[in-house]
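Asker: Quick one: the structure is below, questions incoming.
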Amino acid sequence: MTLTMMTAALFFTLRNMPMMAATGLQMIFFNIVTVFAFLVPIALVAAELATTWPKNGVFHWVEEAYGTQWGFTAVWLQWIQSVFGIASILAYIAASLSYAFAPQFASNRWFVFSVIILVYWVATLANLRGTRASGIISAVCLSSGVLVPSLVLIVMAIIYVITDHRAMIESGVRADYI
């Protein structure tokens, strides 16, 4: 459960919801394709590699196949992707939250930079306490920052449609055929 919550915390974000909403019902199809064409194969490959070579993950798997230099390259590419990916998410969060407290900071690069560095150091110190602490932080942040707001949005949408408001979803089907 801890690993699931930590992984989900990396991938789930509210930032993508407006873009997905603009795409309409086609986004359901795209998400299903993503799950079966990308996430399931990756999970199956990782499960196979983890049971065949249970020694510490990607570095050792690639090292076993291609040597130490490529093992290092693989794990470094994973790390650098996380650094930039998480930094972009933190920049979005810093700018968005600043609108609630001090809107003038939303475009202040030093404020955004400070938030990114602060969060990275807090995360680093939390990770030094062990996987259990990281898992708890990931679960709390995922629940409070993504799952609860998503649930609120879904419930509000259902209430909106139930109270006789028109759904603004572009289904690709002309209204005169419905």
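The values are calculated or read from the model by the stated rules, or taken from the named source; none is laboratory data. In this text, all values refer to a predicted model and were calculated from it rather than measured experimentally. Virtual Cβ from ideal backbone geometry, glycine too; neighbours counted across all protein chains shown. SASA here: full protein model, heavy atoms, side chains in, ligands and nucleic acids out. Shrake-Rupley method; radii C 1.70, N 1.55, O 1.52, S 1.80 Å.
Asker: Looking at segment 140-167 only, could you name the residues that are among the hydrophobic types (A, V, I, L, M, F, W, C), at pLDDT below 80 and surrounded by fewer than 10 Cβ atoms within 10 Å (Cβ to Cβ)?
Answerer: Answer for segment 140-167, where residues must be among the hydrophobic types (A, V, I, L, M, F, W, C), at pLDDT below 80 and surrounded by fewer than 10 Cβ atoms within 10 Å (Cβ to Cβ): just ALA167.
Asker: Test of understanding: among LEU97, LEU125, which residue is out of contact with any helix residue (DSSP H, G or I) (no Cβ under 9 Å at 6 or more places or on another chain), aliphatic (A, V, I, L, M) and either open to solvent by 30 Å² or more (accessible area, probe 1.4 Å) or at negative phi (or both)?
Answerer: LEU125
Asker: Given the criterion more than 15 Å from the chain's Cα centre (by Cα), over 23 Å from VAL58 (Cα atoms) and either β-branched (Val, Ile, Thr) or open to solvent by 90 Å² or more (accessible area, probe 1.4 Å) (or both), identify the matching residue among ILE137, ILE117, ILE89.
Answerer: None of the other options fit; the residue is ILE117.
Asker: Name the pairs: first residue in segment 141-154 and closer than 22 Å to LEU90 by Cβ, second residue at pLDDT 85 or above and among the basic types (Lys, Arg), Cβ to Cβ under 9 Å, at least 6 apart or on different chains?
Answerer: Correct list of pairs: empty, since none qualify.
Asker: Out of the residues in segment 58-86 that are within 24 Å of ALA43 (Cβ to Cβ) and of a type in the set (Gly, Ala, Ser), state the one that is most open to solvent (accessible area, probe 1.4 Å).
Answerer: ALA65
Asker: Then there is this: Which members of segment 23-36 meet the condition of being modelled with pLDDT of 85 or more and either outside any helix (DSSP H, G or I) or open to solvent by less than 70 Å² (accessible area, probe 1.4 Å) (or both)?
Answerer: Within segment 23-36, just VAL33 meets the criteria.
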